[in-house]
Structures are given as C-alpha cells and as structure tokens.
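Accompanying notes for the structure given below.
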Amino acid sequence: DQSASANDLLRAARESYWSEDFERSVDFYQQLIALDPNPSHKGELANVFWKMKKEDQAADLYIEIGDWLKSQNRMAELINMKVYVDMVNPEKAKQLGALIGQ
C-alpha cells in the first residue's frame, strides 16, 4: 500500500541521512516526494542539501515550503531558514523575508 511505501522511504531517507550517506538520502527523499509531495518531506530534503553544501538547492526548497510553514504559523522555522538563506543568497532570502514581514 502507498502509505507503507511512503513510510518505508521516509525511514530509509532518514537512516541514510543519520549515517551520513547523503546521496542515498537524497535519492530516497526524491522518491518519497514523487509519491507524497508533503512539504515537510521537502523541508527535510532541503536540510540534506544544506548538509551537502548544496545551499542553492536547499534555498529553493526552503522558499517552496515557506507559504506552507506560514500557514501553520511556524514562524520560528521560517526565520531560521531566512537566516541560513541570507548567508548564501540574500536575493533569495528576500522571498522568505516577504513571508515573515521583514
């Protein structure tokens, strides 16, 4: 069933991340997102990209999930993401700033 597959992919993605097999983790997250495009999965994938020093890919995903975070009133996470994105791409960070009201 689809939810078992999604749960298995999420577990595999996280296990790969924690064992620092980031390439494998990315593969699992991409498969998971194709099956279940939940914004939280995209946020976790963004964190993997950040850890891999692929900041632009991480920033793009952070921006993509910004509206979702705001709709859940998760402003602290949005602010933290903006701080990270500001370090590597202040232009992209402006998009998050607009959501925060900065």
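The values are calculated or read from the model by the stated rules, or taken from the named source; none is laboratory data. Note that the structure is a prediction, hence the values are computed from the model and not measured. Keep in mind that these areas ignore ligands, DNA and RNA; they rest on the heavy atoms of the full protein, side chains included. Shrake-Rupley method; radii C 1.70, N 1.55, O 1.52, S 1.80 Å.
Would you mind checking the tilt of helix 90-100 against the longest principal axis of the Cα atoms of the chain, expressed as 0 to 90 degrees and rounded to 10?
The angle comes out near 90 degrees.
I'd like the orientation of helix 75-88 relative to the chain: the angle between its Cα long axis and the longest Cα principal axis, in ° from 0 to 90, rounded to 10.
On a 0 to 90 degree scale, this one is about 80.
Rounded to whole Hz and in sequence order, give me ³J(HN,Hα) for the range 6-14 from the Karplus expression 6.51 cos²θ - 1.76 cosθ + 1.60, θ = phi - 60°, writing x for Gly and Pro.
Couplings: 4, 5, 5, 5, 4, 4, 5, 5, 5 Hz.
What do you reckon, how do 50, 18 stack up by accessible area (1.4 Å probe), largest on top?
The residues order as 18, 50, largest area first.
Go from 0 up to the bin containing the longest alpha carbon distance in the range 53-102, width 5 Å each, and give me the % of pairs per bin.
Spelled out bin by bin, the range 53-102 gives 5, 26, 39, 21, 8, 1 percent.
Considering the chain as a Gaussian network with a 10 Å cut-off on Cα pairs, which listed residue, 30, 57, 72, attains the greatest mean-square fluctuation?
72
From the protein chains alone at 1.4 Å, what is the descending order of accessible area for 65, 100, largest first?
Correct descending sequence by accessible area is 100, 65.
Per residue, how many Å² of accessible area does the range 24-102 show with a 1.4 Å probe?
Accessible area per residue: 55 Å².
Determine the equivalent ellipsoid of the range 1-91 by diagonalising the alpha-carbon gyration tensor, then write out the semi-axes as square roots of 5 times the eigenvalues, largest first, rounded to whole Å.
Values: eigenvalues 104, 53, 18 Å².
Calculated on Cα positions only, the semi-axes equal 23, 16, 10 Å.
On C-alpha positions alone, give me the angle between the axis of helix 22-35 and the longest principal axis of the chain, in degrees, nearest 10.
Its long axis makes an angle of about 90 degrees.
Determine the share of the chain's accessible area contributed by carbon and sulfur atoms, expressed in whole percent, with a 1.4 angstrom probe.
48 percent
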